[in-house]
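See below for the structure under consideration.
The values are calculated or read from the model by the stated rules, or taken from the named source; none is laboratory data. Here the structure is a predicted model, which means the values were calculated and not measured. Positions of Cβ are backbone-derived with ideal geometry, glycine not excepted, and every protein chain shown enters the neighbour counts.
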């Protein structure tokens, strides 16, 4: 394990925006439990599609999309607040 100093652009929530040393752009730190939940949502979506249950798959995909949109908005808001251009 290596200890480094990182720049924190948001509060220390579940999806903190941080920049590690030697990186041009910040990233989003996603806690392990949150990552596991995201993975579970994707797995559910895959299962629903495989079963042909498109209505429930669409609903699951919409919820996942909304969650990721919130994380992306938090990221872009943080970059904008510090005058950093988006990497995309």
Checklist entry - Within the range 64-72, is there a residue that is part of a helix (DSSP H, G or I), without any contact (Cβ under 8 Å) to a residue 12 or more places away in the chain and more than 12 Å from the chain's Cα centre (by Cα)? => result no
Next on the checklist: I'd like the residue in the range 1-28 that is at pLDDT 95 or above and part of a strand (DSSP E or B) and, out of all such residues, is farthest from residue 65 (Cα to Cα).
Outcome noted: 7
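Based on this model, can you work out whether residue 77 counts as in contact with a helix residue (DSSP H, G or I) (Cβ under 8 Å, 6 or more places away or on another chain) and part of a helix (DSSP H, G or I)?
no
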Checklist entry - Is it the case that the range 31-53 has a residue that's surrounded by 15 or more Cβ atoms within 10 Å (Cβ to Cβ) and part of a strand (DSSP E or B)? => result no
